[in-house]
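Okay, structure first, notes after.
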Amino acid sequence: MLFRSSMLESNNQSASLTVFAAGGWKAAQDAAGLEHMLQTGMKPDLIIFLNGLNDLTNGARADTLFGQPVATNDGSDWTKLYHSHDYNERVSAYLRIMQAVISIARDHNASILIALQPALFERQPLSNVERQLLWASLAPHESQQSLKESYTAIRSGLSQMADNETVFFVDCSRIFDGETDRK
């Protein structure tokens, strides 16, 4: 897909934008997608990742994808929404994968922008609908506080990886704060 913005056009420049992602992917799938894209001969100048939330919330454990059955910690029956509350492992795994992605980008002389996904558990104020969605989405989790603490750790780790020359970080987790219902 060819993407042109008025700013680029005014400077007689064009940009090609390739989107290679899927909703629900975790960082390991993002990394595999990037490697596949690079193996096809693409030579991106900038690689953008918008992720983090799925690594914290999707899959039964840090090392599993959504829908992969595992033995539960308490011996109960596994369901697709089962979450083992292994938040520290999830944060560590995500940051390790993103460090590897940064190395891949550097190996291909590409800059990388990592954007931390918006997270409803961090948003303020919540609308009535958002409160209901948050309540339902917290069901498999230990607590909203556990998710917030884990996102803080992810945010901190990504901030430390950024060098603001070839590796950039933007925190989009609270990008919708202050937004209100519009009728």
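As an exercise: evaluate THR79 against (1) in a loop (DSSP other than H, G, I, E, B); (2) of a type in the set (Val, Ile, Thr); (3) under 15 Å from ALA27 (Cα atoms) and give the number of the one condition it does not meet.
The one condition THR79 does not meet is (3).
How do the helices (runs of 4 or more DSSP H) wholly within the range 85-173 filter down when requiring 3 or more residues that are touching a residue at least 60 places away in the same chain (Cβ under 8 Å): which remain?
Numbers: elements: 87-107, 128-138, 144-161.
Hits in the range 85-173: 87-107, 144-161.
Among the residues of the range 161-183, write down those that are polar (S, T, N, Q) and touching a Leu at 6+ places or on another chain (Cβ under 9 Å).
SER173 - this is the single residue of the range 161-183 that is polar (S, T, N, Q) and touching a Leu at 6+ places or on another chain (Cβ under 9 Å).
Applying the selection to the range 16-47, what residues are open to solvent by less than 30 Å² (accessible area, probe 1.4 Å) and either polar (S, T, N, Q) or not in a helix (DSSP H, G or I) (or both)?
LYS26, PRO44, ILE47
Only one of ALA60, ALA71 is part of a loop (DSSP other than H, G, I, E, B), free of Cβ contacts under 8 Å to residues at least 40 places away in the same chain and open to solvent by less than 30 Å² (accessible area, probe 1.4 Å); which?
Numbers: ALA71 fails: open to solvent by less than 30 Å² (accessible area, probe 1.4 Å).
Of ALA60, ALA71, the one residue that is part of a loop (DSSP other than H, G, I, E, B), free of Cβ contacts under 8 Å to residues at least 40 places away in the same chain and open to solvent by less than 30 Å² (accessible area, probe 1.4 Å) is ALA60.
Quick check on ARG90: is it surrounded by 15 or more Cβ atoms within 10 Å (Cβ to Cβ) and within 25 Å of ASP177 (Cβ to Cβ)?
yes
The values are calculated or read from the model by the stated rules, or taken from the named source; none is laboratory data. Computed from a predicted model, the values in this text were never measured in an experiment. Cβ: placed from backbone, ideal geometry, glycine included. Neighbour counts: every protein chain shown. Accessible surface areas use protein heavy atoms only, side chains included; no ligands, DNA or RNA. Shrake-Rupley method; radii C 1.70, N 1.55, O 1.52, S 1.80 Å.
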